[in-house]
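This report concerns only the one structure given below.
The values are calculated or read from the model by the stated rules, or taken from the named source; none is laboratory data. On a predicted model such as this, the values are computed, not experimentally measured, just so you know. Neighbour counts run over all protein chains shown; Cβ positions are idealised from the backbone, glycine included.
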Amino acid sequence: MFEQAKLTYDFNALEPHIDELTMQTHYGKHHAAYTNNLNSALERLPELQGKSIEDILINLDSISDASLQKAVRNNGGGFYNHNLYFGTLSPNGGMEPQGDLGNQIKNDFGSFDELKKTLTAQAAAVFGSGWAWLSTDKDGKLTVTSTPNQDNPLMTHGGKLTPIFGIDVWEHAYYLKYKNVRADYVNAIFNVVDWDKVAELYLKDK
Ligand code: MN3
């Protein structure tokens with residue numbers, strides 16, 4: 001049984017950048033539904049019992065039943081992606097990345113501002129629902145990509161990339177406050193990114 005990671009802040013804590021009602025709905029309804037639906041699908045896949053979500057998502061092809069594979073892809077992706085998303089936001093965020101992550105960003109993108117531009121452009125370019133990602137490989141090199149739906153870099157790169165930060169650009173992430181203006185939401189989210197947390201994930205996963 002997978003469980004949603006507990007939020008370390010209140011639903012209203014990310015105001016005004018992410019509004020309370022969006023957080024309630026996003027965490028309390030959307031993320032909860034992905035988690036429940038993942039657990040339901042896994043009840044029919046006893047061979048996956050005890051495996052980590054990362055392992056399951058990297059090896060989706062091992063699920064031979066096409067509809068179950070799709071259910072695990074969509075809901076397992078939704079479960080994992082939102083744990084990462086909510087876990088890297090914080091009312092105390094918005095600072096610049098420091099330490100090894102800060103140095104690697106300068107190395108791979110030139111500056112933190114350039115990384116933000118690249119992530120923002122990827123987020124804007126997603127047609128329909130999806131995500132923009134910052135990922136690391138085993139050598140610590142950083143890459144920005146995007147995926148449709150609830151896919152993520154674990155799936156698209158067969159475990160060679162591990163996401164350490166993702167921007168959810170599904171309309172449910174921003175529509176209540178920002179309506180159709182995705183760009184304003186993407187700009188605002190940088191005020192609440194906990195780069196210390198992202199740096200922790202970077203050191204763990206590189
Ligand atoms: Mn979402």
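Confirm whether Asn103 is away from the ligand (no atom under 16 Å from the Cβ), loosely packed, with under 15 Cβ neighbours inside 10 Å and under 22 Å from Gln24 (Cα atoms).
no
Selection of first residues in segment 47-62 that are within 18 Å of Asn36 (Cα to Cα) and of second residues that are aromatic (Phe, Trp, Tyr), restricted to Cβ pairs under 8 Å at least 6 apart or on distinct chains, gives the following pairs, ordered by first then second residue: Ile53/Phe2; Ile53/Phe79; Ile53/Tyr80; Glu54/Tyr80; Leu57/Tyr80.
Find the helices (runs of 4 or more DSSP H) located wholly in segment 1-120 whose residues include 2 or more that are of a type in the set (Phe, Trp, Tyr) and either at pLDDT 95 or above or assigned by TED's automatic domain parsing to the domain that holds Leu176 (or both), and list them.
On the way: elements: 20-25, 32-43, 53-58, 66-87, 99-109.
Result: 66-87.
Summed over segment 183-201, the residues that are crowded, with 19+ Cβ neighbours inside 10 Å and farther than 20 Å from Thr8 by Cα give a count of 2.
Does Ala66 meet the test of being closer than 28 Å to Leu176 by Cα, over 16 Å from the mean Cα position of the chain (by Cα) and among the hydrophobic types (A, V, I, L, M, F, W, C)? So Ala66 does not fit the description; no. Of the numbered criteria (1) within 16 Å of the ligand (Cβ to nearest atom); (2) more than 17 Å from the chain's Cα centre (by Cα), the one Gly76 fails is (2).
Residue under question is Tyr175, and the condition is that it be over 21 Å from Asp55 (Cα atoms) and of a type in the set (Phe, Trp, Tyr); does it hold?
yes
Do we find that Gly159 is modelled with pLDDT under 95 and either assigned to a loop (DSSP other than H, G, I, E, B) or under 17 Å from Val126 (Cα atoms) (or both) in this structure? It is true that Gly159 is modelled with pLDDT under 95 and either assigned to a loop (DSSP other than H, G, I, E, B) or under 17 Å from Val126 (Cα atoms) (or both).
Counting only residues that are more than 14 Å from the ligand (Cβ to nearest atom), within 20 Å of the chain's Cα centre (by Cα) and basic (Lys, Arg), segment 1-50 holds 1 of them.
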